[in-house]
1. Please verify whether region 228-236 includes one or more residues that are open to solvent by 10 Å² or more (accessible area, probe 1.4 Å), in contact with a Leu (Cβ under 6 Å, 6 or more places away or on another chain) and away from the ligand (no atom under 16 Å from the Cβ).
2. Is it the case that some residue within region 212-222 is over 20 Å from GLU70 (Cα atoms), open to solvent by less than 20 Å² (accessible area, probe 1.4 Å) and of a type outside the set (Phe, Trp, Tyr)?
3. Give, as residue ranges, the helices (runs of 4 or more DSSP H) completely inside region 239-331 that count at least 2 residues that are within 28 Å of ALA23 (Cβ to Cβ), free of Cβ contacts under 8 Å to residues at least 60 places away in the same chain and not polar (S, T, N, Q).
4. Would you mind listing the strands (runs of 3 or more DSSP E) fully within region 97-173 where at least 1 residues are polar (S, T, N, Q)?
5. Looking at this structure, is LEU347 more than 27 Å from ASN260 (Cα to Cα) and open to solvent by 10 Å² or more (accessible area, probe 1.4 Å)?
6. Any idea how many residues of region 210-226 are under 20 Å from the mean Cα position of the chain (by Cα) and either assigned to a loop (DSSP other than H, G, I, E, B) or farther than 30 Å from TYR35 by Cα (or both)?
7. I'd like to know if region 186-194 contains one or more residues that are open to solvent by less than 50 Å² (accessible area, probe 1.4 Å), modelled with pLDDT of 95 or more, near the ligand (Cβ under 9 Å from one of its atoms) and under 14 Å from the mean Cα position of the chain (by Cα).
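The values are calculated or read from the model by the stated rules, or taken from the named source; none is laboratory data. Just so it is clear, the structure is predicted and the values come from calculations on it, not from any experiment. With ideal geometry, Cβ positions are generated from the backbone for all residues, glycine too; neighbour counts draw on all protein chains shown. The area values use the complete protein model at the heavy-atom level, side chains included, leaving out ligands, DNA and RNA. Shrake-Rupley method; radii C 1.70, N 1.55, O 1.52, S 1.80 Å.
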Amino acid sequence: MSYLRKNIEQMEGYSPGFQPKEAGFIKLNTNESPYPPSARIVKAMRAACGESIRKYPPPFAEPFRARAAELFGTKPDCILCGFGSDDILTIAVRALCGEGDLMAFPSPTYSLYGVLAQIQNARAVALDFPEDYSLPPELAGTGARLTLLSNPNAPSGTMIAFEEVRQLADALDGVLLVDEAYVDFAEWNCLELAKTRPNVIVTRTLSKSHGLAGLRFGYAVAHEDLIAGMMKVKDSYNVSAPALAGAVAAISDQEWLRQNVGRITKTRKVLIEGLGRLGCYCWPSQANFVLARVPVGSDAEQVFNELFRRKILVRYFKAPRLDDCLRISVGTDVEIRALLDALREILG
Ligand SMILES: Cc1ncc(COP(=O)(O)O)c(C=O)c1O
């Protein structure tokens, strides 16, 4: 089985043939937005599906680069777009890591990092996060060509402070990629580092906070020399015309984004409080999901199975450090109420 196929099965937590939504499940396992994108975004995507669809899209997604540059106070040349931020991560690793090169990241983290290292025959250096998911001090001294930091981290939801990330960036000889897939749910971000440091790449996605996981659109912000290097390995047309139209509309509607993030973070608080009342320990989350350790005496895998039986799908990792935990995406208020009711039955 290919590395990537195996990774998808791990990410989804079930076999590819199974369709949880069609099977009537509450799906809280892959950190999608529980709310659809705004009507304005859908309209923009539909408009891009007319007569002009016979033509190739702009190869560098220029309209998005122009709009994002305006929004972030940088140059269009400092932005790279792709088919989801997974595509951006793949491009970065292919551009920066050859056979035998070191690629470092704290662990546990997003499983794709290790997979991408394997594909490149790079040497992955996975450094254990301390119990509180603070930054492993040795991360600054690995000598890696590429260091990856998911911030907020998946699957813990925890976040490293800006100042610590700045110090890490300045201490590294190689490139630091800060994966900000969940940053819209957080209180700070590291965009400033991508704008001011020659060795920092910040990657983002529209899959989570914008409610556009099916659209497949992600981007990177970095020094133009780094972006130019990454451009060399990207596919010619790695953003479709409808995705480009939707993405431009999405980042142009910051008010909708603020409201969507607001309702999700409000429900996150309800989820954390509810889990706490049930005796679970939750790491402080700055993302749209929560990592919860089940109470002593309970078995996380059994709880996962019991939830599954009740048609609620969360994420269980049969892995060191995580096998006594569940990762739960923040759903709608109704979904989270159903989850907490089910957990009360199971744990009570
Ligand atoms: C930390 C992290 N980075 C990147 C991604 C990829 O997101 P996408 O390819 O949908 O943009 C995910 C998806 O779950 C993630 O958890």
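1. Taking region 228-236 first, the residues open to solvent by 10 Å² or more (accessible area, probe 1.4 Å) are 228-229, 231-236.
If we keep only those that are in contact with a Leu (Cβ under 6 Å, 6 or more places away or on another chain) as well, we get none.
No, because not a single residue in region 228-236 is open to solvent by 10 Å² or more (accessible area, probe 1.4 Å), in contact with a Leu (Cβ under 6 Å, 6 or more places away or on another chain) and away from the ligand (no atom under 16 Å from the Cβ).
2. Of all residues in region 212-222, those over 20 Å from GLU70 (Cα atoms) come to 212-216.
Those left that are additionally open to solvent by less than 20 Å² (accessible area, probe 1.4 Å): 212.
Filter again for of a type outside the set (Phe, Trp, Tyr), leaving 212.
Checked region 212-222: at least one residue is over 20 Å from GLU70 (Cα atoms), open to solvent by less than 20 Å² (accessible area, probe 1.4 Å) and of a type outside the set (Phe, Trp, Tyr).
3. Details: elements: 241-252, 254-277, 300-309.
Fully inside region 239-331 and qualifying: 300-309.
4. 102-107, 146-150
5. Here the answer is yes, as LEU347 does meet what is asked.
6. Residues that pass the stated criteria total 9.
7. The initial filter retains those residues of region 186-194 that are open to solvent by less than 50 Å² (accessible area, probe 1.4 Å), namely 186, 190-191, 193-194.
With the extra rule that they be modelled with pLDDT of 95 or more, the set shrinks to 186, 190-191, 193-194.
So of that shortlist, the ones also near the ligand (Cβ under 9 Å from one of its atoms) come out as none.
No, region 186-194 contains no residue that is open to solvent by less than 50 Å² (accessible area, probe 1.4 Å), modelled with pLDDT of 95 or more, near the ligand (Cβ under 9 Å from one of its atoms) and under 14 Å from the mean Cα position of the chain (by Cα).
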